[in-house]
Amino acid sequence: MWQEENQRLVIEKLSEILSATDITYAEKLTTLFDEAGRIFISGAGRSKLVGNFLGMRLMHSGYDVAIVGEIVTPSVKEGDLLIVISGSGETEQLIAFTKKAKEIGARVVLISSRAESTIGDLADAVFQIGKQKLYQKVKGMPMGTVFELSTLCFLEALISHIVWEKGIPEEKMRERHANLE
């Protein structure tokens with residue numbers, strides 16, 4: 001019985017956050033992706049894992065994507081797009097990445113639980129997932145879990161939007177999927 005209760009709490013909280021997220025974000029982010037020379041994705045901890053999900057799905061969708069911090073990540077250049085996923089918008093390493101990308105001439109987007117932050121002030125655009133007041137302590141969802149799960153769901157829905165709008169066949173996505181597994 002406790003498992004059903006916990007599942008209901010998680011689903012209700014994610015629904016609450018996603019319902020409070022601006023519905024125009026999908027179009028805006030798709031435009032930014034399409035305008036970018038290449039897309040770089042960064043985050044720290046579990047937010048980096050959410051970024052890895054996004055990077056894989058964007059690659060499957062035909063975008064040129066790199067995950068910041070991997071050994072094969074190329075240098076960012078003018079015209080590229082850096083996506084920073086950070087609940088707080090205050091992670092020191094991500095602030096440094098943001099400053100460097102801006103210095104080079106790349107555009108920067110922050111996906112965060114907070115509209116205002118150090119990275120948000122530097123970024124070209126901020127996409128706030130939900131509203132800050134909704135991120136109070138939630139039973140069974142400690143230390144950023146609400147942000148990370150909400151962001152993962154939001155980004156998966158974004159990929160669904162991209163696939164649908166561009167008419168990308170699943171077979172084409174499968175061709176791009178790793179085959180050395």
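General remarks:
- Diffusion constant of segment 1-101 at 4 °C, which comes from Stokes-Einstein with the Kirkwood Cα-pair radius and 1.567 mPa s, µm²/s: 84 µm²/s
- Global geometry of the chain, whether rounded, prolate or oblate, following the gyration tensor of its Cα atoms and the 1.5 cut on a/c: oblate
- Relative contact order for the chain, counting Cα pairs under 8 Å that sit 6 or more residues apart, in percent: 24 percent
- Helix runs (DSSP H) in the chain reaching 24 Å along axis by Cα, Kyte-Doolittle at least 0.5: 145-166
- Label-to-label distance, nm, for residues given as Glu27 and Ser15 (7 Å Cα→Cβ offset): 2.7 nm
- Each of Ile111, Val146, Ala125 was scored by the projection of its Cα onto the charge dipole of segment 75-154, and the greatest displacement toward the positive side belongs to Val146; charges sit on the C-beta of Lys, Arg, Asp and Glu.
- Too-long pairs where the Cα-Cα distance tops 22 Å, listed order kept, from Lys100/Lys166; Lys131/Lys166; Lys77/Lys100; Lys13/Lys133; Lys77/Lys131: Lys100/Lys166; Lys131/Lys166; Lys77/Lys131
Read-outs: derived from the displayed coordinates by stated rules, not from any lab. Quick caveat, the model's predicted, so the values are computed rather than measured. Note: ideal-geometry Cβ built from the backbone for every residue, glycine included; neighbour counts use all protein chains shown.
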